[in-house]
Amino acid sequence: MFARMHWIGTWAALLLAVGHIYMTSRLYVDLTVPALWFAGTGLGLLAVGLLNLLTLREPTGLGRGLALATNVMTTIFMALLYWLHQAGQVLFGLVLFAVLTLCALAAFAGARSGPGTQA
């Protein structure tokens, strides 16, 4: 169950990241520091999504640990952002990365408990 949710969440994160980067040109007319920060956040989300994808395709202990750490950090980032800006898309990102954190935790714990028990 967690493995399927991890795949779906990863693709959702990648789509969110691409949408975020695309929206930069719609929300900012000129190339400014805030525009670059907005696009940079999208690039950061893309990196987290790609790390999850890599971990799902080529699972290793290091990959699972890094995916778990980045998902936790991104969830914390989203929680702080939602605290400052209660918007639907931010809440979506918070829930999405919280789910990815749980999925990565299940995969990490399953891998540590032995072969054949992976989530």
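The values are calculated or read from the model by the stated rules, or taken from the named source; none is laboratory data. Note that the structure is a prediction, hence the values are computed from the model and not measured. When we count neighbours, we look across all protein chains shown, and the Cβ atoms used for this are built from the backbone with ideal geometry, even at glycine. Heavy atoms of the whole protein, side chains included, go into the accessibility calculation; ligands, DNA and RNA do not. Shrake-Rupley method; radii C 1.70, N 1.55, O 1.52, S 1.80 Å.
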Scanning the range 25-69 for residues that are touching a residue at least 40 places away in the same chain (Cβ under 8 Å) and among the polar types (S, T, N, Q) gives Asn52, Thr55
Is it true that Phe92 is open to solvent by 100 Å² or more (accessible area, probe 1.4 Å), assigned to a helix (DSSP H, G or I), of a type outside the set (Asp, Glu) and touching a residue at least 60 places away in the same chain (Cβ under 8 Å)? yes
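Results for (1) within 19 Å of Trp7 (Cα to Cα); (2) assigned to a helix (DSSP H, G or I); (3) not hydroxyl-bearing (Ser, Thr, Tyr), shown as yes or no for each residue.
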position: Ser25; (1), (2), (3): no, yes, no
position: Leu31; (1), (2), (3): no, no, yes
position: Leu43; (1), (2), (3): no, yes, yes
position: Leu68; (1), (2), (3): yes, yes, yes
position: Asn71; (1), (2), (3): yes, yes, yes
Looking at this structure, is Thr75 touching a residue at least 24 places away in the same chain (Cβ under 8 Å), in contact with a Leu (Cβ under 9 Å, 6 or more places away or on another chain), hydroxyl-bearing (Ser, Thr, Tyr) and under 20 Å from Leu105 (Cβ atoms)? yes
Criterion first (open to solvent by less than 30 Å² (accessible area, probe 1.4 Å) and either within 10 Å of the chain's Cα centre (by Cα) or at pLDDT below 95 (or both)) does Leu100 satisfy it? yes
